[in-house]
Amino acid sequence: MNTINFNVPTYTDKTIDFIKDVLESAHTSGDGKYTKLCHEWFKNKLNCKEALLVHSGTAALEVAAILADLQQGDEVIMPSYTFCSTANAFVLQGAVPVFVDIRPDTLNIDEKKIEDAITPKTKAICCVHYAGVACEMDTIMDIAKRHNLLVIEDAAQAFDSYYKGKPLGTIGDMGCFSFHETKNIMSGEGGLFVTNNEKLAERAEIIREKGTNRSKFFRGQVDKYTWVDKGSSYLPSDLIGAYLYSILEISEKIQEKRKAIWNKYNEAFADLEKQGKIRRPIIPDFATNNAHMFYMLFKDLETRTQFISYLKENGIYAPFHYIPLHSAPSGQKFCKTYGSMEITNKVSDTLVRLPLYYDLSEDDLNKVINVVKNFWNK
Ligand SMILES: *Cc1c(COP(=O)(O)O)cnc(C)c1O
């Protein structure tokens, strides 16, 4: 029996050509030709002032957390239904993530619950665009403005997705993307930090280069380079830039294919939803769908467990997703929870993700659809 994985990363002939080009050039470290091409590509695509490649979405969040200038004990409001890096980045700066519950429709942070969780120590809101579907940004930006908070968008899953026409990642003060192999656009590991704020952009460049003004030196803006701020090494080798640039060249095709797969799942399972067996993703009018993820919500944990086993028996890997951070050992040690986590807990127990990747064949897609339907007919 052939197995169908949840994810398969992709590459093209150009990936190999570009990587070879880097290897044969005299420049394999960071900020080479392909990294620069990626920077220009993203500034153009996202219409933002600064876009800097880093080596992961985690690293992009760390750059953002350093830029937030947090003091020990400062609080950052975020969802609990997210990847640990969203919280870790702030914990590393001595801050305390404060979790609030998510919306039942988009599974994003419930903007109506944010304001009550604000204390004199709150410095930032970190919102996560789950499955690439936008948070309610107007409300979040309004709360931030009234309470003088920074907004950091964890846009790790949100490449090519929009809120009321604006690219996700560019609405708050800072945005963080991931190019991990499981994301729409991948370079193995990889990430991007973006901002429209010139002051933050200037510091971000320094933080990414070990706290030095090396980039300014290369542009001839200072006559020697030195250690001027805190920082670390967040810039990837140009080999990663080469891989990423080769994928950016086919990004439209990737998006078209992912959306076609997503739509096919969505149509195929409309009846199951009507019969009350599952719930499909909901995309509000203010958001777009970048087809990062096709998930289904079941009525309880037991049904989901049976479903995952049934798919596995049929050679299909369909994983669940986050264990809420508020219930994780480090979440309990380093973070606070504000209010009920009812929806977060329920979603964590009942969500399943289906295989969705660029090279998924028509046959495999049809097989997944049939096996899912058979689970309910057996
Ligand atoms: C993937 C992901 C990250 C981490 O990105 P890496 O590139 O794997 O470090 C952070 N937050 C969210 C929501 C993610 O999906």
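No lab work stands behind these numbers, since they all come straight from the coordinates. Because the structure is predicted, anything quoted here is derived from the model rather than measured. Here Cβ is always computed from backbone atoms with ideal geometry, including for glycine, and neighbour counts include all displayed protein chains.
By the equivalent-ellipsoid construction on the alpha carbon gyration tensor, the chain comes out with semi-axes of 35, 27, 16 Å, ordered largest to smallest.
Note down the relative contact order for the range 28-119 as a percent, whole number, built from C-alpha pairs under 8 angstrom at least six residues apart. Relative contact order comes out at 21 percent. Here the Gaussian network model covers the chain, with springs between Cα atoms less than 10 Å apart; of VAL222, VAL63, VAL22, VAL222 fluctuates the most. Projecting the Cα atoms of ALA287, GLY241, LEU351 onto the dipole axis of the chain, where Lys and Arg carry +1 and Asp and Glu carry -1 at the beta carbon, places LEU351 farthest toward the positive end. Against the main long axis of the alpha-carbon atoms of the chain, helix 13-24 sits at an angle near 30°. Comparing Cα centroids, the range 159-218 and the range 97-137 end up 21 angstrom apart. About its Cα centre, the range 1-120 has a charge dipole of approximately 400 debye under the convention of +1 per Lys or Arg Cβ and -1 per Asp or Glu Cβ, with nothing else charged. For the charge dipole of the range 285-346, defined by +1 on Lys and Arg C-beta atoms and -1 on Asp and Glu C-beta atoms about the Cα centroid, which residue among LEU301, THR337, HIS321 has the Cα displaced farthest towards the positive pole? Value: THR337.
When +1 charges are put on Lys and Arg Cβ atoms and -1 charges on Asp and Glu Cβ atoms, the dipole computed for the chain relative to its Cα centre reaches about 240 debye. Computing FRET efficiency as 1/(1 + (r/R0)^6) for ASP116 and LYS253, where r is the C-beta to C-beta distance and R0 is 51 Å, gives about 0.70. Put in line by how crowded their Cβ is, counting other Cβ atoms within 10 Å and starting with the fewest, THR28, THR3 read THR3, THR28. Comparing mean-square fluctuations of PHE99, PHE217, PHE298 from a GNM of the chain with C-alpha springs under 10 Å, the top value falls on PHE217. Candidate cross-link partners of LYS216 among the aspartates and glutamates, defined by an alpha-carbon separation under 17 Å and a same-chain spacing of 8 or more, comprise ASP31, GLU50, GLU198, GLU202, GLU205, ASP229. Pairs of lysine residues in the range 31-173 that meet both criteria, 8 or more places apart or on different chains and Cα atoms under 22 Å apart, total 25. For the range 149-219, the residue among MET186, LEU200, PHE217 whose Cα projects farthest onto the positive side of the dipole built from Cβ charges is PHE217. Loop-located trypsin sites (Lys or Arg not before Pro) across the range 73-154 with a Cβ neighbour count of 15 or fewer within 10 Å are LYS121, with loop assigned by DSSP. Taking 0.36 nm per residue of sequence separation and removing the Cα-Cα distance, the ASP223/ASP359 pair yields an extension gain of 44.0 nm.
Counting neighbouring beta carbons within 10 Å and listing from fewest to most, the residues THR226, THR106, THR195 come out as THR226, THR106, THR195. By the count of neighbouring beta-carbon atoms within 10 Å, fewest first, CYS176, CYS38, CYS84 end up ordered CYS84, CYS38, CYS176.
Where in the range 1-25 does the label zone of ASN370 land, with the point 7 angstrom along Cα→C-beta and an amide N cut-off under 20 Å? Hits in the range 1-25 for ASN370 at 20 Å: 1-6. Result for the chain in a Gaussian network model with C-alpha springs under 10 Å: among ALA117, ALA291, ALA270, the largest mean-square fluctuation is at ALA270.
Among beta bridges identified by DSSP and lying wholly in the range 94-221, the antiparallel ones come to about 50 percent.
Rounded to the nearest 20, the Cβ-based charge dipole of the range 326-378 about its Cα centre (Lys and Arg +1, Asp and Glu -1) stands at 340 debye.
Sparsely packed loop sites in the range 223-277 (the chymotrypsin sites (Phe, Trp or Tyr not before Pro) outside DSSP H, G, I, E and B with at most 13 other Cβ atoms within 10 Å) do not occur. Determine the percent antiparallel among the DSSP beta bridges restricted to the range 41-126, to the nearest 5. Around 10 percent of the beta bridges assigned by DSSP in the range 41-126 are antiparallel ones. Measuring nothing but how far apart in sequence close Cα pairs (under 8 Å, 6+ apart) lie, relative to its length, the chain scores a relative contact order of 24 percent.
DSSP beta bridges confined to the chain are antiparallel in about 50 percent of cases.
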